[in-house]
Amino acid sequence: MSFQTRVTELLNITYPIIQGGLAHLAYAELAAAVSNAGGLGQITAMSLPDADSLRKEIDKVRELTDQPFGVNFAIGQHGRPFEHMVEVAIEKNVPAISVTGGNPKPVLDMVKDTEIKKLVLVAARRQAEKAEELGADAVMVVGQEGGGHLGRDDVGTFVLTPQVVDSVSIPVIASGGIGDGRGFMAALALGAEGIEMGTRFIATKECVHAHEVYKKALLEADEKSTVVIKRSLGAPARALKNSWTEKILELEQKEPGYEVLKPYISGEANKRYIYEGKTDEGFAWAGQVAARIKDVLSVEDLFDQIISEAMEIRKKWGLSGQ
């Protein structure tokens, strides 16, 4: 059964499944595995130290796959320059980019006269409309169930997705709370033409940078195992609940402010957990879909599972319509 949509046509991929940017985790091994399985893998530009590192990572992806892939630009990191990294993506003529975490206009303007496909992550209907105005080829809509940084309005994927579908003419990709064939088909039923998954791809064999302790925590999570931090900074983000996030929430109540929170919410604190497995010395991003993750699979096996589930649902829908 085919799952062709405007997203598969736009990105020249088999299945409309996109791997999220995943700060400090989305590198060549994972990106290539997702692309080889028929989706769109991505590498995370802003977790790399410099432009040359991004060049090398792009080259490495191309050694591992001849399929389309993307480069994610998380540009909302306290004013860190990103233009030199975008220039590398243009120089290397990458098939696609995605922009998350900030105003996408500067990035979209830089790639405007190239053949690079432009995806923008949004968390509100108005953001989606603006992204379309600015020239995005598709929008990825993240509901409040998602991991990492979210919108400020606490609107779920089930409501936000059709709201955005009805307000833009470009393809919509649903994100947040999706990790299997049921979520994939639900997104399509809501009018989306593809899905983006982040947390589910962490619990794969090819996410080689994620510590086994991190993956194990995802497998053991239930629907109450995540918490939203950084609300006091106007930048809510969902992470696995632990003593570290409890301390963050305590500080947000007592002493809100970036300077106070900085040591607790830094990239270094994130890496202590996700790279070293030091669960009491840092935090790890995760969406509520962690409750649905029961095994660490290869990316290929995960795709097979998702598509098989989706096909079974299609058959059931066909039978019920007769």
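Just so it is clear, none of the values below were taken in a lab; they were calculated from the coordinates. All values derive from a computational prediction rather than experimental measurement. We place every Cβ from the backbone using ideal geometry, glycine too, and count neighbours over all the protein chains shown.
Here is how the numbers come out for the structure above:
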quantity: Cα pair distances in segment 55-200, grouped into 10 Å bins until the bin that holds the longest one, percent each; calculated: 12, 40, 36, 12, 0
quantity: Label-point separation, LYS92 to LYS216 (7 Å along Cα→Cβ), nm; calculated: 3.4
quantity: 29 Å Cα-Cα reach of LYS224 towards lysines, excluding residues that sit fewer than 8 places from it in its own chain; calculated: LYS205, LYS215, LYS216, LYS241, LYS247, LYS254, LYS262, LYS271, LYS278, LYS294
quantity: Centroid-to-centroid separation of segment 162-178 and segment 63-114 [C-alpha atoms, Å]; calculated: 21
quantity: 5 angstrom amide H check on ILE18, placed H, neighbours 5+ away; calculated: LEU40, ILE195, GLU196, MET197
quantity: Estimated FRET transfer efficiency when R0 is 25 angstrom, pair TRP317-LYS224 (beta carbons, to 0.05); calculated: 0.20
quantity: Label-point separation in nm, LYS262 to VAL208, each point 7 Å along Cα→Cβ; calculated: 3.5
quantity: Charge dipole (debye, nearest 20) of segment 6-209; +1 at Cβ of Lys and Arg, -1 at Cβ of Asp and Glu; calculated: 260
quantity: Most to least packed among 65-73, 109-117 [average Cβ atoms within 10 Å]; calculated: 65-73, 109-117
quantity: Of the trypsin sites (Lys or Arg not before Pro) in segment 213-253, those whose Cβ has at most 13 other Cβ within 10 Å and which sit in DSSP loop; calculated: LYS224
quantity: Reachable lysines from LYS118, criterion Cα separation under 26 angstrom, eight or more residues apart if same chain; calculated: LYS56, LYS60, LYS92, LYS105, LYS130
quantity: Whether segment 226-285 is rounded, prolate or oblate, judged on the alpha carbon gyration tensor where a/c under 1.5 counts as rounded; calculated: prolate
quantity: Kirkwood estimate for segment 1-91, i.e. one over the average of 1/r between Cα atoms, Å; calculated: 13.4
quantity: Cβ charges +1 (Lys, Arg) and -1 (Asp, Glu), total dipole of segment 1-127, debye; calculated: 540
quantity: Ordering of 81-89, 255-263 by burial proxy (mean other Cβ atoms within 10 Å per residue, highest first); calculated: 81-89, 255-263
